[in-house]
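Have a look at the structure below, then the notes.
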Amino acid sequence: MSHRSFHQPQMRGGPQMTAVSGQRPVAADPTVAGQAAEEDLRALFGQSTAVFASLAGPAHVVETANPAFFATIGEERARTGVALVDLMPELAGQGFIALLDQVYRTGEPYIGRDVRVVVGTGPHAREAFFDFTYEPRRDAGGNVTGIRVIGVETTQVKHAQRLMTEHRALLEQIARQAPLTEVLDGMARCIENLAPQEVLVSVLLADPDGRHLRHGAAPSLPDFYNQAIDGIATGEGVGSCGTAAHRRQPVIVTDITTDPLWDDFRHLAGQAGLAACWSTPILARDGGLLGTFAMYHRTPRVPQDTDLALTRIFAGTTALAIERHHIEQAKVAAEARAKSAHDDLAKALRAERELRAEAEQRAAAAADLAVRMRAAAAAQAAMPHPERCQLGGTPGCAAPAEIKIADSWGDSAWGCPAHVEEAILNVRSVFIASEELGGLATYLNR
């Protein structure tokens, strides 16, 4: 991190170290007093969780340091008599050595609050945060001879603050009904950024029957891997996730290369560069299976308490997001069914109105036909005509003939009112004949 990320120096003058309550009286000789103060500091910070180191000269040679200091920088680098920049070369590029030079040159202490530092290099590098002080050491003449480094690591507090911020943002996404894929993808990336060591997060979603798991989110896993496990069955021995879903319990596989649960997927995991997988079932409030939440690692790893806590928090958040999604899906489906039922009802009502209108039209037409038939029967009553109905077909009809009808081909016949109405309604181009004009003439001159 560049020097610009540090807090502004808080310089102060006057005595550089205050007395520690209960310490032994300081000798009058300044040299003896200085030695006694160093001994007090070493005793005070010897077993403390605060880091302490005493640096000498302009090269900042590590004269002494407490176990917490060496635990912080790595036990493999635990030695004294070496310049700090040689012991921790990564500090030079982050501005810390320049700050030591400044304190040594000016004699003014420096206080940093919540300062980010990358400790280590390569795959062993880790991010940490510290509150620390650089205090100048002086000889009997008041000349600066070295610097005391006192610090308290605030990494866990910083990560907790970041966790709370990210978690709150996820809850806000869920509350505003953001798409589930967006929520899950954001959550996976959040965890990957928060975890102190590299982790690859995967979320699989259970089918409604709980028998298969589908891809939900895995932004850092290879596409070929996600495609291969999309739709895997839930069951004993189906990797970490399939087994966790089957057991409804967390499954911690610390070494994929030797664990029998991964027999069928070991080659696939090797292709993806995966060496450990911790999977937790995502359960609904009623105990139903919603999916699995998995944390993959590229090296064999045993989970720490912080890892398990992170898993519990986000497995619960994932359950909330999935359940909210299911509720919204059910709501949309119910609204669609209601709309479909409403549309069907409206269609049935329209059909009913159309049928009623058609029936009314037919009734009106029938009434009109009845009137015309009565008028025709009255007009044709005195005309010569057969005694019996001619429209009865093969069985015949014994009813009196009353009305004459004709068609467009010039055929005509006399019939009873019932058969005349039937013929007019069912035979095309049949009409009541006019004796004055004749049936065909009536048609030709219509």
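Given H placed 1.01 Å from N in the peptide plane, which residues other than close sequence neighbours of H212 have an amide H under 5 Å from its amide H?
D207, T234
With a 4.7 Å Cβ cut-off, tell me which Cys residues in the chain come up empty for a partner.
Isolated Cys, the chain: C190, C241, C277.
List the residues whose amide H sits under 5 Å from the amide H of A276, counting only those 5 or more places along or on another chain, with H placed 1.01 Å from N in the peptide plane.
Those qualifying (amide H under 5 Å, at least 5 residues apart or on another chain) are I256, H297, T299.
For E182, what charge total do you get from the other residues with a beta carbon under 14 Å from its beta carbon, if Lys and Arg give +1 and Asp and Glu give -1? Working shown, then result.
Numbers: positive: R176, R189, R324; negative: E172, D185, E328.
Spelling it out: positives minus negatives among the neighbours equals 0.
Round to a whole angstrom and tell me the spacing of the C-alpha centers of the range 392-417 and the range 220-280.
89 Å
What angle, in degrees between 0 and 90 and rounded to the nearest 10, separates the Cα long axis of helix 30-45 from the longest principal axis of the Cα atoms of the chain?
Approximately 40 degrees, to the nearest 10.
Ordering M383, M373, M164 by accessible area with a probe of 1.4 Å, largest first, what comes out? Walk me through the numbers before you get to the answer.
On the way: M383 55, M373 15, M164 115 Å².
The ranking, largest first, comes out as M164, M383, M373.
For the chain, what is the charge dipole size about the Cα centre, in debye to the nearest 20, if Lys and Arg each add +1 at the Cβ and Asp and Glu each add -1 at the Cβ? It would help to have the intermediate numbers written out before the result.
Details: 42 positive and 53 negative charges, 145 e Å.
The dipole of the chain has a size of about 700 debye.
I'm a student and want to see the number: the projected area of the Cα convex hull of the chain, averaged over all directions, in nm². If you can, show how the numbers build up before the last one.
Working: hull surface 174.4 nm².
Here the figure is 43.6 nm², rounded to one decimal.
Provide the FRET efficiency to the nearest 0.05 for the D286-D223 pair, computing r from the beta carbons and using R0 = 41 Å. Show your work: numbers first, answer last.
Working: r = 34 Å, r/R0 = 0.84.
My answer for the efficiency is 0.75.
For the range 314-446, what relative contact order do you get, as a whole percent, if you take Cα pairs closer than 8 Å and at least 6 residues apart? Before the final figure, lay out each step's value.
On the way: 116 pairs, mean separation 20.7, N = 133.
That works out to 16 percent.
Pop the C-beta distance of A71 and I111 into the FRET formula with R0 = 30 Å and round what comes out to the nearest 0.05.
Details: r = 23 Å, r/R0 = 0.76.
For A71 and I111, the calculated efficiency is 0.85.
Note the angle between two axes, namely the Cα long axis of helix 96-106 and the longest principal axis of the Cα atoms of the chain, as a number of degrees from 0 to 90, rounded to the nearest 10.
Once rounded, one gets 40 degrees.
Angle between the Cα long axis of helix 155-175 and the longest principal axis of the chain, 0 to 90 degrees, nearest 10?
10 degrees
In square angstrom, rounded to the nearest 10, how much accessible surface does T165 have for a 1.4 Å probe?
80 Å²
Calculate the spin-label point distance for L369 paired with T165, positioning each point 7 Å from the Cα along the beta-carbon direction, and give it in nanometres.
It is 8.6 nm.
Report D407's accessible area, 1.4 Å probe, all protein chains in place, as a number in Å² to the nearest 10.
My reading of the accessible area for D407 is about 30 Å².
Using Cα pairs closer than 8 Å and at least 6 residues apart in sequence, work out the relative contact order for the chain, in percent. Provide the component values of the computation, followed by the final result.
Details: 699 pairs, mean separation 35.7, N = 446.
Relative contact order for the chain comes out at 8 percent.
Hand me the GluC sites (Glu not before Pro) from the range 319-407 located in a DSSP loop with no more than 13 other Cβ atoms within 10 Å, in residue order please. Each step should come with its number before you reach the end.
Values: sites: E323, E328, E335, E352, E354, E358, E360, E387, E402; in loops: E387, E402.
Answer by residue number: E387.
Give me the extension gain from E360 to R248: residue separation times 0.36 nm, minus the current Cα-Cα distance, reported in nm with one decimal.
On the way: separation 112, 0.36 × 112 = 40.32 nm, distance 6.69 nm.
Computed gain between E360 and R248 is 33.6 nm.
Exactly which trypsin sites (Lys or Arg not before Pro) in the range 99-186 are in a DSSP loop and have at most 12 other Cβ atoms within 10 Å? Please report the intermediate quantities before stating the final value.
Numbers: sites: R105, R113, R116, R126, R137, R138, R148, K158, R162, R168, R176; in loops: R176.
Answer by residue number: R176.
Scan around R138 for amide H atoms under 5 Å from its own, H built in the peptide plane at 1.01 Å from N, and keep only partners 5 or more places away or cross-chain.
It is T145, by chain and number.
Can you show me the helix-derived [θ] at 222 nm for the chain, built from DSSP H runs with n ≥ 4 at -39,500 (n - 2.57) apiece and divided by the number of residues, rounded to the nearest 500.
Numbers: 12 runs with 189 residues, N = 446.
Calculated from helices alone, the mean residue ellipticity at 222 nm is -14000 deg cm²/dmol.
With springs only between Cα atoms under 10 Å apart, run a GNM on the chain and tell me which of L391, L163, L221 wobbles the most.
It is L391.
From the backbone phi of the range 80-95, what are the Karplus-calculated ³J(HN,Hα) couplings (6.51 cos²θ - 1.76 cosθ + 1.60, θ = phi - 60°) in whole Hz, Gly and Pro given as x?
So the Karplus estimates, Gly and Pro as x, are 10, x, 10, 4, 4, 5, 7, 6, 10, x, 5, 6, 4, x, 9, x Hz.
Given L171, A423, V61, which one lies farthest toward the positive end of the charge dipole of the chain, if we put +1 on the Cβ of every Lys and Arg and -1 on the Cβ of every Asp and Glu?
Value computed over the given set: V61.
The values are calculated or read from the model by the stated rules, or taken from the named source; none is laboratory data. These numbers come from a predicted model, not from an experiment. Backbone-built Cβ (ideal geometry, glycine too); neighbour counts: all protein chains shown. Accessible surface areas use protein heavy atoms only, side chains included; no ligands, DNA or RNA. Shrake-Rupley method; radii C 1.70, N 1.55, O 1.52, S 1.80 Å.
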